[in-house]
Amino acid sequence: MKGVAINLPQADFDEMKQAGIGILATEWGMEQDVDKARAFLDKAHKAGLKVVMDGGFSAHAWGFTDDDWEQLPAGKMPVWQKKRVQGWISALKNHPAIYAWDICNEFGENLPSGAGMRNSDWPESMITTEQIEQAKADVLEVDPARPIHVRMYGWDIGKMPAYVSALLDSKIADIISLNLYSNYLDQGKLQWPTVIADAGAYYVEAIKQRAPGVKVWVSLAAFQYPRMFERPTVESLERDIDNSALIKNLDGITFFCWGPVSQWDDKGNWYLPTNGADLWRAIQLKISGLRQGG
């Protein structure tokens, strides 16, 4: 389960575990303090869950401040914060709940300097392969035992631009979460609702051929955001899960998200087990079926 909010009761962790979820991934990262992060990890560990923790995912890891979301200084680019990141990892690395370190999300598109942001120089402000390589090296310098995780678009795999092929050729990640959100809206219309059936297997195979040994997880939509992402229906979510389960050599299925879509929605208007109770029930039933071989 991706995008898991930081201030959750123990019951939420227990509910996800009971449903068959095994790994959580955060979105809040270094914007939170270490004590809050450790409390989150404690709850996950108590429930028997592992966590993909920020190791360079968040805006603070790339030199941005909270104010940059509203008013980015012209020309400001992502600058890797080695000291801050290594301090964060050093403080948390001994926690038994940590599964992997997440070092990059979609090459920085969701940073304050990303696509569509005010004063952004995107795509010139994209995180480079060299920066991601440095991030990996700095994380492993502190904690060499855990895997490195990155998140990527699915759409780029087919045309394989240089920055994608360079990342794969460099074997920067041990795990790649492939974001294939079928609920993305383009001018009010679903852009590609059948993306997983149409291209999911091809994307996964293309990654594995280019970077042998990497694990690939497909990330499915279980959220909404007005004008950008439509609320999935039970039928569309079940379709996405079923089509993902057919992908040969796929290593995992993830869902976004359990908590507010915070980078777009600071009012907290999405929370899967309530706003998407029907979707959560569908996920539970599908996980149960997959575990039983159905």
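Derivation of every value follows stated rules applied to the coordinates shown; laboratory data play no part. If you're wondering where the values come from, they're calculated on a predicted model, not measured in any experiment. Every residue, glycine among them, receives a Cβ derived from its backbone with ideal geometry; neighbour counts consider all protein chains shown.
In this Cβ point-charge picture (+1 for Lys and Arg, -1 for Asp and Glu), the chain has a dipole of about 700 debye about its Cα centre.
Note on the stretch 137-294: antiparallel DSSP beta bridges, both residues inside, total approximately 20 percent of the bridges counted. Here's the list of aspartates and glutamates a cross-link from Lys286 could span, going by alpha-carbon distance under 17 Å and ignoring same-chain residues fewer than 8 apart: Glu15, Glu235, Glu238, Asp240, Asp242, Asp251, Asp278. Here is the link list: Lys171/Lys248; Lys17/Lys82; Lys46/Lys136. Which ones come out longer than 24 Å on Cα distance? Listed pairs above 24 Å: Lys17/Lys82; Lys46/Lys136.
Size of the stretch 180-244 from its Cα atoms: along the principal axes, largest to smallest, the extents are 38, 23, 18 Å.
Taking a ≥ b ≥ c as the square roots of the eigenvalues of the Cα gyration tensor, an a/c ratio of 1.5 or more together with a/b no larger than b/c marks the stretch 199-294 as oblate.
When the Cα convex hull of the stretch 65-218 is projected onto planes of every orientation, the mean area is 10.4 nm².
Remark on Thr254: its backbone amide H falls under 5 Å from those of Val218, Ser219, Leu220, a criterion applied only to residues 5 or more positions apart or on other chains, H modelled at 1.01 Å from N.
A Gaussian network model of the chain, with springs between Cα atoms under 10 Å, assigns the largest mean-square fluctuation among Lys208, Lys36, Lys93 to Lys36. Proximity of backbone amide H atoms, modeled 1.01 Å from N, is registered between Trp270 and Val261 at under 5 Å, excluding neighbours fewer than 5 places apart on the same chain.
Share of antiparallel DSSP beta bridges in the chain, in percent to the nearest 5?
So the antiparallel bridges in the chain amount to around 15 percent.
Of the candidates Pro123, Pro161, Pro232, which one comes out as most mobile in a Gaussian network treatment of the chain with C-alpha springs shorter than 10 Å? Of the options given, Pro161 has the highest mean-square fluctuation.
Per the helix-only calculation at 222 nm, which mean residue ellipticity applies to the chain, given -39500 (n - 2.57) for every DSSP H run of n ≥ 4 and division by its residues, nearest 500 deg cm²/dmol?
Dividing the helical sum by the residues of the chain leaves -10500 deg cm²/dmol.
Calculated from the alpha-carbon coordinates, the stretch 12-152 shows an Rg and a Dmax of 15.5, 48 Å respectively.
Averaging the sequence gap over all C-alpha pairs within less than 8 Å and six or more residues apart, then dividing by the number of residues, gives the stretch 149-294 a relative contact order of 20 percent.
When each of the peptides 270-282, 184-196, 56-68 is scored by how many other beta carbons lie within 10 Å of its residues on average, the order from highest to lowest is 56-68, 270-282, 184-196. Evaluate the Debye formula for the chain with equal point scatterers sitting on the alpha carbons, no solvent, and hand back log10 of I(q)/I(0) at q = 0.08, 0.09, 0.13, 0.14 Å⁻¹, in q order, two decimals. So the normalised log intensities are -0.32, -0.40, -0.91, -1.08. On a per residue basis, the convex hull of the C-alpha atoms belonging to the stretch 109-190 measures out at 123 Å³.
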